[in-house]
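Student: Below: one structure in structure tokens.
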Amino acid sequence: MGRTVRLGWLAFGMVMATVAGLSTPVRAADFPTKPVTLIVPWPAGGATDRHLRVLAEAASKHLGQPIVIDNKPGASGTLGAATMAATAKPDGYTIAQLPITIFRLPYMQKVSFDPTKDFSFIIHLTGYTFGTAVNANSPWKTWKELLDYARANPGKIRYATPGTGSTLHITMEQIALQEGLKWTQVPFRGEAEMTAALLGDHVEAAAGGTGMGPLVDAGKFRMLVVWTEKRSPRFPDSPTLVEEGQKIISASPYGLAGPKGMDPKVIKVLHDAFQKAMQDPSHLKVLEDLSQPMVYLNSEDYRAFAMKIIAEQQELIARLGLASK
């Protein structure tokens with residue numbers, strides 16, 4: 001009788017364990033079992049969209065599931081990650097690009113997220129090659145000529161950016177502060193809208209990236225200056241800000257993250273897939289085409305790097321007089 005009772009309890013325990021296993025979420029060891037969504041917070045067709053589509057395609061081979069791109073432009077590149085932080089489950093199936101504006105905008109205006117708490121950092125990827133361009137039919141042949149005109153005509157130079165609080169906006173205002181001049185930002189939703197505005201002479205200048213390269217090559221735009229540490233191979237004839245006397249280097253680094261609370265094992269699966277994808281020939285080619293350096297950081301190092309950037313951006317925003325009141 002005692003043996004029968006013991007066997008009964010053993011069977012009961014096995015059944016309950018099976019039921020419990022059926023009722024729990026998919027284990028991290030099984031991740032992923034369905035497509036992963038990567039939110040790109042910029043319009044389709046731009047440089048960032050192009051980069052992340054190629055990277056996602058390469059990473060999907062290592063994940064064993066498709067990575068679907070979801071473009072959510074707006075709010076200077078913060079709409080995508082903000083939406084993810086507010087609505088996505090921390091299961092690894094929704095991730096997003098984190099542009100540097102995520103670490104800056106909370107100090108400029110009220111936002112719905114806290115960059116120090118609301119994200120699970122996955123991997124750092126790269127940074128941009130930025131610069132300032134003018135229409136080729138403009139009277140300014142050099143960066144100095146544009147600065148001299150802006151200094152003599154306060155507010156008359158209108159420059160296009162992909163949004164208020166973007167690195168392109170902040171760096172142009174750093175230059176203005178350093179050079180004692182005033183110019184007027186005109187924000188757009190992305191590089192395609194910016195370049196159209198410059199082509200149509202709706203603005204006098206545009207602060208952008210390598211997406212403007214084809215128009216520079218075609219002789220329609222003139223890249224007056226680049227913001228990289230050294231001259232860019234993409235724009236070899238364009239001097240750097242440092243060469244021109246402004247002690248500014250601006251690259252706007254970015255990576256990928258998910259919502260807070262993700263299982264570290266799921267983070268590692270995603271990290272490993274994207275790390276392998278970074279070495280894929282297709283990814284190396286798109287970085288070369290965009291003149292963007294590979295800047296890999298693992299999950300832990302990326303988080304530490306992000307905390308450093310947050311502190312630096314808070315100080316910069318205050319110094320520029322752009323902090324929220």
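Student: What pairs come up if the first residue lies in segment 181-197 and is without any contact (Cβ under 8 Å) to a residue 60 or more places away in the chain, the second is β-branched (Val, Ile, Thr), and their beta carbons are under 6 Å apart, counting only those six or more places apart or on different chains?
Tutor: Listed by first residue and then by second, the contacts come to TRP183/ILE157; GLN185/THR161; VAL186/VAL203; ALA197/VAL203.
Student: Counting only residues that are closer than 27 Å to MET307 by Cβ, give me the helices (runs of 4 or more DSSP H) lying completely in segment 116-223 with at least 1 of them.
Tutor: Per the criteria, 167-179.
Student: Restricting to segment 253-266, name every residue that is open to solvent by 10 Å² or more (accessible area, probe 1.4 Å) and under 20 Å from ILE310 (Cβ atoms).
Tutor: PRO253, LYS260, GLY261, MET262
Student: Count, please, the residues in segment 58-87 that happen to be over 18 Å from the mean Cα position of the chain (by Cα), open to solvent by 10 Å² or more (accessible area, probe 1.4 Å) and farther than 27 Å from PHE188 by Cβ. Outline the logic, then answer.
Tutor: Step one: of segment 58-87, the residues over 18 Å from the mean Cα position of the chain (by Cα) are 58, 60-66, 86-87.
Filter again for open to solvent by 10 Å² or more (accessible area, probe 1.4 Å), leaving 60-66, 86-87.
Checking the rest, the ones that are also farther than 27 Å from PHE188 by Cβ come to 60-66.
Residues in segment 58-87 being over 18 Å from the mean Cα position of the chain (by Cα), open to solvent by 10 Å² or more (accessible area, probe 1.4 Å) and farther than 27 Å from PHE188 by Cβ: 7 in total.
Student: Restricting the first residue to segment 71-90 and requiring it to be free of Cβ contacts under 8 Å to residues at least 24 places away in the same chain and closer than 17 Å to LEU256 by Cβ, which pairs with a second residue that is polar (S, T, N, Q) and surrounded by fewer than 22 Cβ atoms within 10 Å (Cβ to Cβ) meet a Cβ separation below 8 Å and a spacing of at least six or different chains?
Tutor: Correct list of pairs: empty, since none qualify.
Student: Can you pull out every residue in segment 88-99 that is surrounded by 22 or more Cβ atoms within 10 Å (Cβ to Cβ) and part of a loop (DSSP other than H, G, I, E, B)?
Tutor: GLY92, PRO99, listed by residue number.
Student: Do we have VAL225 as crowded, with 23+ Cβ neighbours inside 10 Å, more than 26 Å from LYS285 (Cβ to Cβ) and at pLDDT 95 or above here?
Tutor: yes
Student: With SER232, SER252, SER238 as the choices, which residue is on the phi > 0 side of the Ramachandran plot and either of a type in the set (A, V, I, L, M) or assigned to a loop (DSSP other than H, G, I, E, B) (or both)?
Tutor: Numbers: SER232 fails: on the phi > 0 side of the Ramachandran plot; SER238 fails: on the phi > 0 side of the Ramachandran plot.
Unique residue meeting the criteria: SER252.
Student: So which of LYS247, LYS230, LYS220, LYS308 ends up being at pLDDT below 95 and either buried (at least 16 other Cβ atoms within 10 Å of the Cβ) or within 21 Å of GLY165 (Cα to Cα) (or both)?
Tutor: LYS247
Student: May I pose another question? Open to solvent by less than 10 Å² (accessible area, probe 1.4 Å), under 27 Å from ALA205 (Cβ atoms) and among the aliphatic types (A, V, I, L, M): does that describe ILE102?
Tutor: Details: open to solvent by less than 10 Å² (accessible area, probe 1.4 Å): yes; under 27 Å from ALA205 (Cβ atoms): yes; among the aliphatic types (A, V, I, L, M): yes.
Spelling it out, ILE102 is indeed open to solvent by less than 10 Å² (accessible area, probe 1.4 Å), under 27 Å from ALA205 (Cβ atoms) and among the aliphatic types (A, V, I, L, M).
Student: Looking at GLU179, GLU191, can you tell me which residue is open to solvent by 10 Å² or more (accessible area, probe 1.4 Å), closer than 18 Å to SER250 by Cβ, among the acidic types (Asp, Glu) and in contact with a Leu (Cβ under 6 Å, 6 or more places away or on another chain)?
Tutor: Sole residue among the options that is open to solvent by 10 Å² or more (accessible area, probe 1.4 Å), closer than 18 Å to SER250 by Cβ, among the acidic types (Asp, Glu) and in contact with a Leu (Cβ under 6 Å, 6 or more places away or on another chain): GLU179.
Student: Which is surrounded by 14 or more Cβ atoms within 10 Å (Cβ to Cβ), in a loop (DSSP other than H, G, I, E, B) and either touching a Phe, Trp or Tyr at 6+ places or on another chain (Cβ under 9 Å) or among the polar types (S, T, N, Q) (or both), of GLN275, GLN292?
Tutor: Unique residue meeting the criteria: GLN292.
Student: To continue, here is another question. Quick check on segment 145-154. Is at least one of its residues open to solvent by less than 50 Å² (accessible area, probe 1.4 Å) and under 24 Å from ILE100 (Cβ atoms)?
Tutor: No, segment 145-154 contains no residue that is open to solvent by less than 50 Å² (accessible area, probe 1.4 Å) and under 24 Å from ILE100 (Cβ atoms).
Student: Taking only segment 91-125 into account, find how many residues are without any contact (Cβ under 8 Å) to a residue 40 or more places away in the chain and out of contact with any helix residue (DSSP H, G or I) (no Cβ under 6 Å at 6 or more places or on another chain).
Tutor: 2
Student: Hey, any hits in segment 29-50 for a residue that's touching a Ser or Thr at 6+ places or on another chain (Cβ under 7 Å), part of a helix (DSSP H, G or I) and touching a residue at least 24 places away in the same chain (Cβ under 8 Å)?
Tutor: Within segment 29-50, one or more residues are touching a Ser or Thr at 6+ places or on another chain (Cβ under 7 Å), part of a helix (DSSP H, G or I) and touching a residue at least 24 places away in the same chain (Cβ under 8 Å).
Student: For segment 234-250, state whether one or more residues are within 19 Å of the chain's Cα centre (by Cα) and of a type outside the set (A, V, I, L, M, F, W, C).
Tutor: Our first condition is that a residue be within 19 Å of the chain's Cα centre (by Cα); within segment 234-250, this holds for 249-250.
In the following step, the residues that additionally are of a type outside the set (A, V, I, L, M, F, W, C) were identified as 250.
Yes, there is a match, as at least one residue in segment 234-250 is within 19 Å of the chain's Cα centre (by Cα) and of a type outside the set (A, V, I, L, M, F, W, C).
Student: Something else: Which condition from (1) closer than 28 Å to GLY131 by Cα; (2) open to solvent by 10 Å² or more (accessible area, probe 1.4 Å) is the one that VAL269 breaks?
Tutor: Result: VAL269 fails condition (1) only.
Student: Consider segment 196-215. How many of its residues are open to solvent by 20 Å² or more (accessible area, probe 1.4 Å) and under 24 Å from the mean Cα position of the chain (by Cα)?
Tutor: To start, the set of residues in segment 196-215 that are open to solvent by 20 Å² or more (accessible area, probe 1.4 Å) comprises 196, 199-202, 204, 211, 214-215.
Of the ones still in play, those that are also under 24 Å from the mean Cα position of the chain (by Cα) are 196, 211, 214-215.
The total comes to 4.
The values are calculated or read from the model by the stated rules, or taken from the named source; none is laboratory data. Keep in mind the model is a prediction, meaning the values are calculated, not measured. So basically every Cβ, Gly included, is an ideal-geometry build from the backbone, and we count neighbours across all protein chains shown. Please note that ligands, DNA and RNA were not included when accessible areas were found on the heavy atoms of the full protein model with its side chains. Shrake-Rupley method; radii C 1.70, N 1.55, O 1.52, S 1.80 Å.
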